[in-house]
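First the structure, in the form of structure tokens, and then the observations on it.
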Amino acid sequence: MKAAYFTEYGPARDVLKVGELPDPEPGPGEVRVRIRFSGINPSDCNRRSGTRDRPGYPLIIPHSDGAGEIDAVGEGVSKTRIGEQVWLWNAQRGRAFGTAAEYVALPAAQAVPLRRGAGLEAGACFGVPAMTAYSSLFADGPLEGRDVLVTGGAGAVGFYAVQFARLSGARTLVATVSGEAKGKVVAEAGAPVIVNYRTETVAERILRATDGRGVDRISEVDFGGNLKTTLAVMQQSCAISAYASKGAREPVLPFYPLLFSNAIVRFIQCSLMPAALRSSAMRDLQRWCEQGRLKHLPCTVLPLDDIASAHELVEQGAVIGKVLLRLD
């Protein structure tokens, strides 16, 4: 099979290679998927560069997200699944071989059927972004009647989080963006209040939008960079769910203000989602897609041979939307 891989850590153009590797065979309880689109997330780039973690495998095929068709099944998996279109999660988490290849074999439960309302491109965007968004909002219960803040609403996670909150009955929904173009993207997702954090005072806008209440649920893309605003707008017992900290990677925790507000600070690693929460996310995602209520970010699609350029686009934040690899 044709695959992209690396055997050492470093810049994309220095370490990523494309070549022929043996086709994988599904083991017991596994399926093999013919990948059509491979989704790239910042975590994939961090893993390749070695800045966050360095899995101890001699050769790694990157990327956890992707979509395609099941073409073979292992022992214990029904043959009726052959031909099924699926989206994948955790394909390269705790494993050496991910979706940047024509084929991947993985546990059958990690190949989720694609139903009406979502094509293969959209399916390749679901894994990390959609599961992270869902975890950041629902890990602490339903959203109906809640005041919700989604920071980075035009990002891959934020775009889904905005829609999930809207579809789940949030009382107030505020999304932050860094510019006019991203504001238009978030408006497409249905955010009623959009705040440009570069030109507006975010805390003032949030308090005005919530009639002074503040928020009790935060989907947070920059925990350290936004702490000052968080302290100004959080209600008592606010749940702050952070999946990144860009402005300050090792932030100082304001312990007593959080303590006296009875705040919940939750760190989101979607690969470790509790099984019940993941099952709920899959059901809701399928339902919203079938109902035609879920929108997806625009995709920049490159061929597998251009994987280094694709990684650079993600690392530079050069596009609004998702970056995918196409595997014909």
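Values as computed for the structure displayed
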quantity	calculated
Members of segment 134-150 that are of a type in the set (A, V, I, L, M) and open to solvent by less than 10 Å² (accessible area, probe 1.4 Å)	Leu137, Leu143, Val148, Leu149, Val150
Filter result (part of a helix (DSSP H, G or I) and surrounded by fewer than 21 Cβ atoms within 10 Å (Cβ to Cβ)) within segment 186-201	Ala187, Glu188
Search result, residues across segment 151-170 that are open to solvent by 20 Å² or more (accessible area, probe 1.4 Å), assigned to a helix (DSSP H, G or I) and of a type in the set (Gly, Ala, Ser)	Ala156
Test: Ser78 is open to solvent by 30 Å² or more (accessible area, probe 1.4 Å), over 26 Å from Val314 (Cα atoms) and among the hydroxyl-bearing types (Ser, Thr, Tyr)	yes
Residues of segment 35-62 satisfying the condition of being farther than 30 Å from Ser245 by Cβ and open to solvent by 30 Å² or more (accessible area, probe 1.4 Å)	Arg36, Pro58, Leu59
Residue in segment 172-185 that is touching a Ser or Thr at 6+ places or on another chain (Cβ under 8 Å), crowded, with 24+ Cβ neighbours inside 10 Å, among the hydrophobic types (A, V, I, L, M, F, W, C) and assigned to a strand (DSSP E or B) present	yes
Wholly enclosed helices (runs of 4 or more DSSP H) of segment 226-328 bearing at least 3 residues free of Cβ contacts under 8 Å to residues at least 24 places away in the same chain and closer than 18 Å to Ser135 by Cα	275-290
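One line per residue, one yes/no per condition, for (1) closer than 17 Å to Thr151 by Cβ; (2) aromatic (Phe, Trp, Tyr); (3) loosely packed, with under 14 Cβ neighbours inside 10 Å; (4) at pLDDT below 95:
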| residue | (1), (2), (3), (4) |
| --- | --- |
| Asn226 | yes, no, no, no |
| Tyr243 | yes, yes, no, no |
| Val252 | no, no, yes, yes |
| Ile264 | yes, no, no, no |
| Ile268 | yes, no, no, no |
| Arg287 | no, no, no, yes |
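Here's the yes/no breakdown for (1) closer than 25 Å to Gly155 by Cα; (2) among the β-branched types (Val, Ile, Thr):
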| residue | (1), (2) |
| --- | --- |
| Val33 | no, yes |
| Phe37 | yes, no |
| Ile40 | yes, yes |
| Ser43 | yes, no |
| Arg47 | yes, no |
| Arg52 | yes, no |
| Glu69 | no, no |
| Ala72 | no, no |
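The values are calculated or read from the model by the stated rules, or taken from the named source; none is laboratory data. Keep in mind that this is a model prediction, so the values were computed, not measured. Positions of Cβ are backbone-derived with ideal geometry, glycine not excepted, and every protein chain shown enters the neighbour counts. Note: areas computed on protein heavy atoms with side chains; ligands, DNA, RNA excluded. Shrake-Rupley method; radii C 1.70, N 1.55, O 1.52, S 1.80 Å.
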